[in-house]
1. Quick check on packing: order 810-821, 268-279 by the mean number of other C-beta atoms within 10 Å, highest mean leading.
2. List the residues whose amide H sits under 5 Å from the amide H of Leu103, counting only those 5 or more places along or on another chain, with H placed 1.01 Å from N in the peptide plane.
3. Please quote Rg/Rh for the range 343-449 to two decimal places, taking the Kirkwood radius as Rh and restricting both calculations to Cα atoms.
4. Sort 396-405, 167-176, 530-539 by the packing proxy (mean of other Cβ within 10 Å over each peptide's residues), most packed first.
5. Along its principal axes, what span do the Cα atoms of the range 127-217 show, with the longest given first and each in whole Å?
6. Would you mind counting up the charge near Leu365? Only other residues with Cβ under 12 Å from its Cβ, with Lys and Arg at +1 and Asp and Glu at -1.
7. Quick one: Cα centre-to-centre distance for the range 390-443 and the range 872-890, in angstrom?
8. How big is the range 403-484 in terms of Cα radius of gyration and Dmax, in angstroms?
Amino acid sequence: MKKFNIRKVLDGLTASSSGTASPQPGTNQNDVIQETLQSEHFQLCKTVRHGFPYQPSSMAFDPVQKILAIGTQSGAVRLFGRAGVECYCQHDSGAAVIQLQFLVNEGALVSALADDSVHLWNLRQKQPAILHTLKFNRERITFCHLPFQSKWLYIGTEKGNIHIVNVESFTLSGYVIMWNKAIELSSKSHPGPVVHISDNPMDEGKILIGFECGTVVLWDLKCKKADYRYNHDEAIHSVAWHHEGKQFTCSHSDGTLTTWNVRVPAKPTITITPHGKQPKDGKKPEPCKPILKVEYKTTRAGDAFVVMSGGLSYDTGCRRSCLTVMHGKSTAVLEMDYPIVDFLTLCETPYPNDFQEPYAVVVLLEKDLVVIDLEQIGYPIFENPYPLSIHESPVTCVEYFADCPPELIPALYSVGSRQKRQGYSKKEWPISGGNWGQGTLSYPEIIVTGHADGSIKFWDASAIMLQVLYKLKTAKVFEKALKGGKEEKPSTEIVDEDPFAIQTLSWCPESRMLCVAGISAHVIIYRFSKQEMTTEVVQLLEVRMQGELNDVDSPDPAGDHPPTPSTPVPPSSSSPTQEGEPPEAQPFTSDDRPRDNVPGLKVWSAPLKQSPGYQVELVIQLVWVSGEPPQQITSLAVSSSDGLVVFGNSSGLAVVDYLQKSLLLNMSTSELYSPSDPYQRQPRSPRKTRQPSGALSDNSDGNNISEEKSSKSPTSAKMSKKISSPTEQKTGLDAKDSSFSRSRSSSVTSIERESREAISSFHFSESFPRKTDSSPSPSLWLGTTQGTVLVLSLSLPPTGDQRLQQPVGVSSCGTLVRLKGGILTMAFLDSLGAFLPPSYEPWSEPNAPDEEKTRRRRPASPPPTQEGQDSQYAVVCSEKQAKVVGLPSQSCFFKHNITESSFVLRADVVQMAAGLCLACFCANGHIMTLSLPSLRPLLDVNYLPLTDMRIARTFCFSNLGQAMYLTSPTEIQRITYSQETCDNLQEMMGELFTPLETPEAPNRGFFKGLFGGGAQSLDREDLFGETAAGKASRSLAQHIPGPQGMEGMKGAASGVVGDLARARIALDERGQKLGELEDRTAAMMASADSFSKHAHDMMLKYKDKKWYQL
């Protein structure tokens, strides 16, 4: 039966009336194209979230299941098991998670929130769901404690009271410990909030209650009274029991630790200040910073471990947060990179009344997760297998590549594995719970992130996992700026904390060519090599780009500019310009002269050792023009088959031949328009503008336009080219703008900023640049921020040596089409509607001997078009519209107005399993897909209102229905818009809960059992049940049952598929419970048999002995 989704139909009907695809006049040849994609192929849902939990607030660990949970200030809970097993949950209220408690080995988690609600999560399903919620109305929750193997949860409040909750039914018990009964009647002040609750490890009937003021109370649950009260002058932050239940240790706000004997409440037996200076005259040591948490863990073989955070001296020079580990007479202070949020000591046993045997400490920092090995000398840290280093430097750009060449991930991993740090613990990662998913939907996926420090990271994102493959540091190409140098000036100049930040990147996975643009108006071209090499001189090309608006003040080039050679070097030449050109040396002769022809960064001048991986091929830098900094690069593209790189900004565009290391074209945007072009725009500045001399005409002879332009227009943008490294000082750095590039020129008015037409997108293709073309040829298509698509025809020499010697011709073919809004993306389809990927050169080892190098070959061109028929379609999408244009006729076949009230932020033509579509993400939060070539709406979901520019800057679509964005500075959220992926998501996700036997309880020993020295059990049901304690006040807390079954994510699989999945999960859970019941029954029978055997043996042993012989 065909599935019918009424929501998608309604979404389509509520779309703007102008949003329907309208066929345009033209031939009807498109009718033969069969579109296979339908609405039922699409479904939107979140898949997985990667990265470090943003703004963490709490942590918990299940010592049997070996699962770690981290809560955040935004109400999120992240669960981690073994590498590749992660899960993300979200509380609807968004309140901060103040505490987490596992029901150890039960597959459940209790979360307490800052809005005074307590939730019970079921972890026995792949997507955890809330089973119960209890919302407190009159009291604020401050602390929770769930004893091991107990179903009664203690909840301490700000008023100092303790309430008890049954975690099975999530109902309040009538048993309440009131603060005024807990403290001494003679006390005149309120003890403050409850900051600690724990039961005596050896006596479940006694609980220890810590109040903020410094008072600790040992409460007898059966007698409902305080056994002992321990008073201290300093406020308490945490309390830790010794496992034998005779002593406990408190941490205080003055940096002291007090150890108390349970039966001696008068004063602490030991008081120490771990980091305080001990005065010689016997006075109290100087106070230190508060010890925020302390844990005391015992070992059978040696001294106990005392682990604490905080407590450093106020005059300590170290400003970093520290974790202190005291073991015997040794004290180790471990510095952390970020403030400590919480820590937990991992122990071999879950039983609090046994020797703990600690083996690791999990430290949750504000921006990192560190696990310390306690069993090795020096306390090394474990190598973290989770992808938590996304934010190591702030992410500035992201690209997503699904369905990559299969050999690419192993190649990147092989070069990246050599970059791993040394000195990690040799033991296995201790957080090892859960199981991987069994999904069969897997294809190579790679995420590339650019960062503020100039680094680029390649991540393996296959099968909803994430693992770093390789890290490239682009800053190695440049020399660090000298501080205090005369090139650094006040804030009127460009000031930038991150001069190497990655602005945009273009990567060809097939050829492995990488091109990155930085915020200092620099472009670096990289080749991939598996061999190490040393580059004697980094190849440098300096480009002078100036738009027409910057030139209006100086119509006479000799007025403000230094003299330039009257006969510029032809761009096709590979020889450098004269080193003695005046513009190169002028800027530093006097501070009064405008800075000119100076790049923002200085390239490394010494030989550069390049490790296997990405190696620098060419560095391109834009230079200052008449005291104005170069504009930031807004678009970038690389073509490995053509050997070209093109980049553009608000000043114009430049085409560079990276094989010949030469500049082919450098023009302002307005000069690309033909004089007869109907779309030609003159600058709208109120100032006098100059006419662009050397404007391009619609010529078809393939002449090199940049050569013609250079000879005709001495005032137009000039080329400054060097093959050797520069020796002169480089100056200021571009200012960073997190959202949109805009002119930072003080001489350019806001009106001129509006009128600037920047290049917004590029696309290399084998296509038809002119209407008269009968066969496709190499071409470059470029879109502008004002909605124009222009075409440049490329004339390439034959491959081989001629390609390295003969010039590449570039000629303008004028305007193809005009759309509303800036152009976002362009793509090409063949006559049958199949995607035409840009041509590429297959990767080969660039450092191999010449005889081993494969010959450079261009892909075979498609057959020539028949007269009167179009053999290609160009798909063009702008911020407002999408159009499909036939080539070479240039007839518009389809047009679709995507949005009227908003604008498109990201658009991509993506390959789905069943066909092609155009995917769009709008600023109003809608995600849409349109069929190709007819532009029929297939999906329109109001997914995410745009509240953060980070999402706009990082949203990416990829093939096979994948998409992603940065949901916080530290986290990547991946989503899918494919129905097939949604259907298989449950199988792909890992399982958090694994049925495991709880370890055996510690042996009490004969004499302890005989004389009552062992742990005392307590039937809490008799104390806290409704029969004994009565009912709790209804107004105290409100019980809210959780949603039935699995709590799906927004837009997750619904209908029959969801019902089947829920039924399967319910059956699995029932089977697991029955299996566990059977296992427990067998264990109890075995235990009973063993007890019977031991009792019989003991009876035989002592049967004939007198009482005095025992």
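Here, each number is a calculation from the coordinates, and none is a lab measurement. If you're wondering where the values come from, they're calculated on a predicted model, not measured in any experiment. FYI the Cβ positions are ideal-geometry reconstructions off the backbone, even for glycines, and counts take in every protein chain you see.
1. Averaged packing, sorted descending, gives the order 810-821, 268-279.
2. The answer is Ala108, Leu109, Val110.
3. That ratio equals 1.05.
4. Output ranking for 396-405, 167-176, 530-539: 396-405, 167-176, 530-539.
5. Per principal axis, max minus min of the Cα coordinates gives 50, 34, 24 Å.
6. Result for the local shell: -3.
7. About 38 Å separates the Cα centre of the range 390-443 from the one of the range 872-890.
8. Rg, Dmax (Cα atoms, Å): 16.8, 59.
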